[in-house]
Amino acid sequence: MTPKPFADPGRSEALPNAGIAKAQPQAGAMNSEKPPPPVERLFPLVLRSRLLLVGRETIRRSRSRLHFVLITRDLSDNSREEMLKTFRHYPVVQHYAGADLEKYFALKGTKVIGFKKSALAQTIYAALKPHRINKPFVKAAPKSEEPK
């Protein structure tokens, strides 16, 4: 047997395309990236780990342990402004309705909840961050007087 004149040493004679890798999309696969899982799957863990603060007064008293505040979309405008003013140093997220909080946390009639500082609260906040309604608080730089 005589070898073929232009035979590639990395290629097998039995499989002519074995040495060439082709990127062909599969018929059923659109995109390999999956959407992130919903944040609601973490809410039962919040209840079990007792990281939930319910009600305005409880949240006000627990500011040192507070990571962020979640208010519902059906909260009145006056209450919303009061919450933004009271918790201007903390992230305030407006998402879900009161019925959603009842479904996820078994809290009837609750419109304001807080999450205690934890890695779990950080993960939930990262997922809800697009719904943040207040800007991060930045201390104003002290005015320096120019020497005369």
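Looking at the structure I just gave you, is Lys22 modelled with pLDDT under 90, in a loop (DSSP other than H, G, I, E, B) and closer than 27 Å to Ala119 by Cα? No, not satisfied.
Scanning region 102-133 for residues that are of a type in the set (Ser, Thr, Tyr) and not in a loop (DSSP other than H, G, I, E, B) yields a count of 3. Going by what's in this entry, would Ala140 be described as over 18 Å from Arg73 (Cα atoms) and surrounded by fewer than 10 Cβ atoms within 10 Å (Cβ to Cβ)? Yes: the conditions hold for Ala140.
In the set (1) over 19 Å from Leu51 (Cβ atoms); (2) in a loop (DSSP other than H, G, I, E, B), the condition left unmet by Ala99 is number (2).
The values are calculated or read from the model by the stated rules, or taken from the named source; none is laboratory data. Everything numeric in this text was worked out from a predicted model, so none of it was measured. Heads up, the Cβs are rebuilt from the backbone with ideal geometry, glycines too, and the neighbour counts pull from every protein chain shown.
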